[in-house]
Structure formats: structure tokens, C-alpha cells
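Inspection log for the structure reproduced underneath, given as C-alpha cells.
The values are calculated or read from the model by the stated rules, or taken from the named source; none is laboratory data. In this text the structure is predicted, and so the values were computed from the model without any measurement. Virtual Cβ from ideal backbone geometry, glycine too; neighbours counted across all protein chains shown.
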Amino acid sequence: MRKLILILSLWGICSCTSQSEKQIALPAVQPLAADSISIPPTLLAVTRMFVMKDMLVTYEAKQDSMFSFWKLPQCEFLFRNGVKGRGPTEFLTLDRTYGETSDGFQVFEMQTNRVKQVSVDTSGRFQVSADKVLPTEKRMLNRFLFLKENTWCFLADDEDSEYTILKEDGETISVGTYPKDLLPKRPEELNRFVYNKLTVANPSGDKFAAFYAYAKLCRIYSYEGELLQETLLEKPTQSVENRKACYTSFPYATDAYIYILTTGTDQQPVLEVWNWQAEPVARYGLDKTVSAFAVSEKHKTLYAVCNDVEGVIYTYKLP
């Protein structure tokens, strides 16, 4: 099902511009204040954080041991592991995405087109249990996603389709069409740069979301690439010369919600919460300049770090 919702708010209709376009109230921004947890190891340039098996996991591409594990909810340090290197149990540069498995998680190694599965638990067990080269010659360097039924998604490198779906047998399918005339562009500009986007998959792998960098646009796709929902919060008014990013941080997804950072009117970060029907349901003003974050819905807490502040994990209690 395709539908376009033009939203300026979720609660209360403000005005109607036509029968197909409504302006409805966005959730008001609720301020949140962080608590700080001092941590013994120093976190340097955290690229990605995620929650699994009641552990917070941080990925630091520049560290020799790339993963750190913390017991939730109090972020008690457990151990580091994940050695940098070219061996079968080592890791080269990893994409920001991850996929949870029954006994751990899986990651994508960008230089080699490999998916590596890791078995891990709170006792310190850390083992690369599977290592698979994906069946394609294409370089899947942009916005890689783990989807269900052993399929994967990444940004297409042509001007007609937004995504490429890769199947287990090596078949690739081009899906998704770019928004038409939503953003101004120079004649020589490529669509994939003008309509740059941040993507995240539902943990079930049955759908994924895309948030456009230069437009307040959210799209929800099925794992087969069908556009399910589309929401435009406001029509872009920027010219090519003063194009500014609306979304700059990678979103974080749970079964129920998608969390993504944007910038408020005072330049402080605002956490937007969306459901999987492409509807914004809450907004929270954060008092710290967050560079990476993860959410535990079990503990109703957002865990975050700032790359300018070492030795601290910030926590925000989510209403």
C-alpha cells in the first residue's frame, strides 16, 4: 500500500491544504536530562552501539579490540574482543549495521563482501561461528542491511533505482524509485547524492526504513523492496546552494520503533521516535551532543556517547 502523509504534527489538525494533504500537529518536544555513568575503559570514536542479550555493545573501528560489552542496565564493563586483522576470526572495517542472531550477532565486512556471525554471551565467550562471502561481484559499500530469508539490501549505483536486493542464490533485483522533483538539483548531480539517505532494518528483517538527509521524508519498505508507507513532514524549501542536512546520524530500530536524531531550533539534538507505519510518535530534546546511541526498550533507556567526552556513557530514561 502506498500513501503519502504530509505531517507537521501528529495530534490535532491545524489546517488542511487539500483533501490529500493534511497539516497535523507534531508531538511537542519533551526535554530529557542525561545521567552519566563513568566507565573504566576509554571509548574512542564509537562508530556504532547496539543492545543484545541484555548487553550494550560498542564498536570502535580504530581499536585493536573492536567490540566492548557492557552489562545492562548499569553499564557494568564485561570484556573487549574482536581483533582487527585479515584472519578468519578477525575483522577488517565493518559497516555500521548489524543483525541479531539466536546466539549473538552478525556483521558485514566491507572490503571483502563477507558476513561474519559471532557467538557471544555475558561470560566472555566470543567466537566467530560463521564466515560467508556474499554471492555477488557488486561492492556493497553503502547502507548495507540484513533482511529476512537470507536477503540483503544496499544502495544501488544507478540513477533509476534506489536499492539493490541481493538474494541467497546471487540474484540481484533493483527496487525503489527516487522522489520526483522533491529536491532541487544541478543537471550533473546524481540522484543517489541528492537523495542521500540513512537506512535501518526492523530486527525481524521483514521491512526497512529510510530517512532522507536533505528532506524530512521517511519511507518504509518491505524486505522485497515494496514501498509500504511514505511520510513527508514538510516540503523542502532549500536551494541547491544552501542545502542543509535534516538527518545526519544513523537511526536505531527495535521491533516497535525507529529512533533518529535531528537538530532542534536551538541547534541541540532532538530524538525523533517513529513507528513502523511511518508516523512520528514522540520527540525528545537531549542536553548532550550525542554521536552514537542505542535503545533498550526493556529498560526504557537510551544509552549514548559523545566523541568529545571520554570515559562516560550517558543514559536517558524514556517516558
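Numerical summary
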| read-out | value |
| --- | --- |
| First in the range 38-55 and small (Gly, Ala, Ser), second anywhere and part of a strand (DSSP E or B), Cβ under 9 Å, 6 or more apart | Ser38/Val312; Ser38/Ile313 |
| Residue check for Arg219: basic (Lys, Arg), crowded, with 17+ Cβ neighbours inside 10 Å and farther than 24 Å from Met49 by Cβ | yes |
| Qualifying residue in the range 106-113 (condition: assigned to a strand (DSSP E or B), within 19 Å of the chain's Cα centre (by Cα) and β-branched (Val, Ile, Thr)) | yes |
| Condition broken by Val118, with the remaining ones in (1) farther than 19 Å from Ala253 by Cβ; (2) assigned to a loop (DSSP other than H, G, I, E, B) satisfied | (2) |
| Of all residues making up the range 203-213, the number that are buried (at least 21 other Cβ atoms within 10 Å of the Cβ) and farther than 19 Å from Asp158 by Cβ | 3 |
| Residue list for the range 123-175, restricted to those being assigned to a strand (DSSP E or B), more than 20 Å from the chain's Cα centre (by Cα) and over 28 Å from Met66 (Cα atoms) | Thr172, Ile173, Ser174 |
| Qualifying residue in the range 195-205 (condition: farther than 22 Å from Glu100 by Cα, in a loop (DSSP other than H, G, I, E, B) and under 19 Å from the mean Cα position of the chain (by Cα)) | yes |
| Residues within the range 206-230 that are within 15 Å of the chain's Cα centre (by Cα) and hydroxyl-bearing (Ser, Thr, Tyr), tallied | 2 |
| Residue in the range 272-290 that is under 21 Å from Thr58 (Cα atoms) and out of contact with any strand residue (DSSP E or B) (no Cβ under 6 Å at 6 or more places or on another chain) present | yes |
| Number of the exception - Arg96 against (1) within 23 Å of Pro251 (Cβ to Cβ); (2) modelled with pLDDT of 90 or more | (2) |
| Where Pro319 falls short, out of the listed (1) within 17 Å of the chain's Cα centre (by Cα); (2) surrounded by fewer than 20 Cβ atoms within 10 Å (Cβ to Cβ) | (1) |
| In the range 110-126, the residues that are surrounded by fewer than 18 Cβ atoms within 10 Å (Cβ to Cβ), farther than 19 Å from Thr97 by Cβ and in contact (Cβ under 8 Å) with a residue 24 or more places away in the chain | Asp121, Thr122, Gly124 |
| Single residue of the range 228-265 satisfying the filter (surrounded by 18 or more Cβ atoms within 10 Å (Cβ to Cβ) and of a type in the set (A, V, I, L, M)) that is modelled with the lowest pLDDT | Leu233 |
| Every pair of residues 6+ apart whose Cβ atoms lie under 8 Å, when the first sits in the range 85-97 and is free of Cβ contacts under 8 Å to residues at least 40 places away in the same chain and of a type in the set (Gly, Ala, Ser) while the second is surrounded by 14 or more Cβ atoms within 10 Å (Cβ to Cβ) and not in a loop (DSSP other than H, G, I, E, B) | Gly85/Phe91 |
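Residue-wise test of (1) at pLDDT 90 or above; (2) surrounded by fewer than 19 Cβ atoms within 10 Å (Cβ to Cβ).
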site	(1), (2)
Asp158	no, yes
Tyr163	yes, no
Lys167	yes, yes
Glu171	yes, yes
Pro179	yes, yes
